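This report concerns only the one structure given below.
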Amino acid sequence: MTKYSRQPKGRPADTQKAAGATQVQPAPALPPIIHTLPDDAADPDQNNLVSADQQINGLPVTIPLWPNATPFLGESDELIMYIDDIPVSLTSVPGPVVGSQDITVNTPSLRVHGRKIFKYSVRLHGAIDQAFSDPTSIFVDTHDPNNEFTPSALLLPVDLPSNGVTPEYLAANGGVTFTLPRPSDARGGDRYKVFYGVNDSDGKEGAALVPGPTLVTYTTAEILGFGEGSFLLRYQYIDRAGNDTDLSIGRNLPVTFNPAPAVSAPVVVQGPTVDRQEARDGVVVRVDSITNHLPDDFLAATWAGRRFYHQRLGTSPTMPMNLFPQYEDIAAGGEFYPGTVLLAVERGIESYPSPPTTVNVDLTVPGGPIVGPGPIDITLVLPEVIGDSAVPNSLVALDLAGEIHATFLMYAGHATDEVIDLYYGTGTGTLVATYTVQSTDSDTTVVDLMIPVDEVEAYGNGDIPCWYRVSNAVNYKQSQPQTVRVEAFALGKLSDPEFARLNIFGRIDCPETPWLGVPIRVFDPLLLKEGDLVTITAVNYAYTGPNPSPTPPAVIDSEVNTDPIPIGPEEVANGFTHNFMLPYFYGDAIDLTKNVGWVEVTWTLFRPSPIPMRGTSDPVHVIWSVRSGSSVGHCVPITLGGSLV
């Protein structure tokens, strides 16, 4: 029959018969073989389960050889896969087709949780119609057994000792049994994996119980194999599809094959109350004994919850052991509180505490609070010391004949019966006066206390501190020291200094070469002592005529002092001579009036201890002259010439 040939017309009766005939559905394609996981009778809701790996890498499906598959080279049949009636895969199978076809279906539909309907169709080469397989139900499980939540920590046995697994516990129980809490979406076929410590990468695996919980036992041999220490226990659940939960929250399991250490209760040596001075000077916490410790154990100590000591114990710590909390450790709890002092031996992450010791802390000072340990309160007014000479904070010989007073304003926040103590002297000073605060005192009250003269005499000359301390029943604070300049005591009469090089007229002239130095001799075996310091002073005066002594005033800025000269045994016995270089003997060709003058010298003795004292000799003066008939009018060598002072 050609393309354009006509079909013979049917009879009307035949047409009517065909129209009334029953329509027959085409036969389905052969059923596919879907390679899902084996069904589990304990989990009937998830038959034909697609594994987690298949969700990612594709679901293998085998299509049996279909009838009338093309036998011809160059022709091809088509296979189309459907998920929920949506085509997700088309495969062209080239002829000749001789066997079943393995197809991998990879589609996002297989990564969406829930039940899916799978079918396929086959279309022969050149055919218009398709043959569809009967639908098959499959299940895609993308949820882990705990619905994406981190599992809670496993449970340790309720009878496990506080120090963890011990040889005694293993002997009594044959191992350790842990409880894994039931996951929120537990199903048949779920499995668990427990990891014993951070270095256990393999874990211990087994079937989870439904409905649970699941018990997992580690035998004595397994526990001993992992050894001693503190182990972080974690687990996870894995369902049939291969979805695994996150690792659970960790639980620490201490394991020791040694007896637990013990430390005695701490002894606070300054207890039962620690005041501010004790906290400032150093509180001692004594450790009397530690038993069953290991060399790598640590001893920790806390004061009111604040750690102040943490050191490795080593092999043989010396007992008793003293620990020293700092002021900051004690003050961290406040100024007035009952504090708990606690010791603990730490082994790994386990801690074995001592019995606690309670100590009362009282750092409250009179008046307003102070910053830091003290005792100085910079807000307290400094005392002013004054005697009959009426010069504040300065005492001279006149003051020793009268009264010496220290005055200062009453401190803010004072309270009745608090005590004010006045101190005078170097070092720790001497308590010289006391005042008890009265109920009638106010912030404007001036406290006036006397310093006994004999105390001033005891400390002698120098810069002497004076301060006061205010105290309540427990603590005190004190002012900054006021410096009192004392120059009330002098050494007896010193011998006169000697000019060691004078002419027959008792003068210094050109032959005495004063430009090369003026030798001054000091000799006083009665007053000089080893350790004294001597300073020689020279002053220049203008020559005003043949007078027996210089006429004041001295030439401005003409005073010259030597550096302090230390005195030793030789100087005490034989005296000494100092070649004093003086700037008075340099000629000036313009101003010949400066070629002659007076030079006056004294020497001062300073004795630094035991009581600082000074003494100065009487002045000795001579005329000097460097006059000359030369063209420059003086005898100073030209290389030393210059202006006179």
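What follows is calculated from the coordinates using simple rules that are stated; it is not laboratory data. Just so it is clear, the model here is predicted, and its values are computed rather than measured. Cβ atoms come from the backbone with ideal geometry, glycine included; neighbour counts cover every protein chain shown.
Stretched out straight at 0.36 nm per residue, the stretch from Tyr337 to Asp448 would grow longer than its current Cα-Cα span by 36.3 nm. For the stretch 445-477 and the stretch 83-122, write down the distance between their C-alpha centroids in whole Å. Result: 104 Å between the Cα centres. Within the stretch 425-457, whose backbone N sits under 15 Å from a point 7 Å along Cα→Cβ of Thr416? Answer for this model: 436-442. Peptide packing for 221-227, 463-469 was compared via the average number of neighbouring C-beta atoms within 10 Å per residue; ordered from the highest value, the list is 463-469, 221-227. List the aspartates and glutamates whose Cα sits under 18 Å from the Cα of Lys594, skipping any in the same chain fewer than 8 residues away. Candidates past the 8-residue exclusion: Asp509, Glu512, Asp557, Glu559.
Arg251 to Asp288: FRET efficiency via 1/(1 + (r/R0)^6), r the Cβ-Cβ distance, R0 41 Å, to the nearest 0.05? Intermediate results must be reported in sequence, preceding the final value.
Working: r = 35 Å, r/R0 = 0.85.
My answer for the efficiency is 0.70.
Using only Cα atoms, locate the centre of the stretch 298-340 and the centre of the stretch 180-234, then give the distance between them in Å, rounded to an integer. Each part's Cα centre sits 40 Å from the other's.
Close amide H contacts of Met581 (hydrogens built in the peptide plane, cut-off under 5 Å, sequence separation of 5 or more or a different chain): Val518.
Which value results for Rg/Rh of the stretch 498-640 when Rg is the Cα radius of gyration and Rh the Kirkwood radius based on the inverse mean 1/r? The partial results should precede the final answer.
Values: Rg = 16.7 Å, Rh = 16.3 Å.
In the stretch 498-640, Rg relative to Rh is 1.02.
Other residues within the sphere of radius under 13 Å centred on the Cβ of Pro94, judged by their own Cβ, net out at -3 (K and R +1, D and E -1).
If you take all other residues with their beta carbon under 13 Å from the beta carbon of Ser549, and give Lys and Arg +1 and Asp and Glu -1, the sum is -2.
Maximal additional length on extending the Phe298-Asp129 stretch stands at 52.5 nm, based on 0.36 nm per residue less the C-alpha distance. Considering the values [x] 14; [y] 64; [z] 21, which represents percent of Cα pairs over 46 Å apart as calculated for the structure under consideration? Checked against the structure: label [y].
On full extension, the segment bounded by Asn258 and Leu215 gains 12.7 nm, given 0.36 nm per residue less the C-alpha separation. Label zone of Ala265 (point 7 Å out along Cα→Cβ, amide N under 19 Å): in the stretch 299-342 this covers 300-305, 320-323, 338-342. Cα gyration tensor of the stretch 172-214, axes a ≥ b ≥ c as square roots of the eigenvalues: rounded (a/c below 1.5), prolate (a/b > b/c) or oblate? It is oblate, given that a/c is not under 1.5 and a/b is not larger than b/c.
Cysteine residues of the chain whose Cβ has no partner cysteine Cβ closer than 4.7 Å: Cys466. For the stretch 175-181, backbone phi angles converted through the Karplus equation (6.51, -1.76, 1.60; θ = phi - 60°) give residue-by-residue couplings of x, 10, 10, 9, 10, 9, x Hz, Gly and Pro being listed as x.
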